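The values are calculated or read from the model by the stated rules, or taken from the named source; none is laboratory data. On a predicted model such as this, the values are computed, not experimentally measured, just so you know. Virtual Cβ from ideal backbone geometry, glycine too; neighbours counted across all protein chains shown.
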Amino acid sequence: METTLWWLLGAFVCGAVLVATLLLCLLSREKAPYQRQEALFTDCELKFLRVLDEAAGKRFRVFGKVRMADIIGVAEEIHGKDYRRAFSRIVGKHLDFVLCDPETLAPRCAIELDDSSHERDERRARDQFVDCAMEAAGLPLIHVPVEKSYDVTELRKILASI
């Protein structure tokens, strides 16, 4: 009986220490400076996505806001500082939409929805780099200007060329 009491007392003390430690961690931890975004896509992107989904049909699976480094990589023969420099240029960039094979999810092309921000000099330089990188990787990149509405038939014609 006495041994059981010591075990219970030991378990109680260990539990109390654990609870106290967890409370201390929770109370001392700073709140991370993040908040949830209201939507993944802007209104323009969402409008285009709906038409793109319809145009893609069963031929492609559409993904949005895909990181370039997830669909293209640095050539195998590049190493060291050159690799890090090349990778850093693609790791922080995203493509608006990527169309993939529905079975293998292999990327087949990317689409950039070009609004008025693409007319700024720094954005043009970014777009030129993205165009060159995608061409080097052998993945077509289609630029579609933002419109008030999109024609599914016209978009199907564009996708048929892929």
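The residues of region 25-79 that are of a type in the set (Val, Ile, Thr) and assigned to a helix (DSSP H, G or I) amount to a single one, VAL51.
From the list LEU26, LEU18, the lone residue that is at negative phi, surrounded by 10 or more Cβ atoms within 10 Å (Cβ to Cβ) and either at pLDDT 95 or above or not assigned by TED's automatic domain parsing to the domain that holds ALA137 (or both) is LEU18.
Only one entry in ARG120, ARG84 is under 19 Å from CYS44 (Cβ atoms) and among the basic types (Lys, Arg), namely ARG120. The set of residues in region 106-133 being assigned to a helix (DSSP H, G or I) and among the aliphatic types (A, V, I, L, M) consists of ALA125, VAL130, ALA133.
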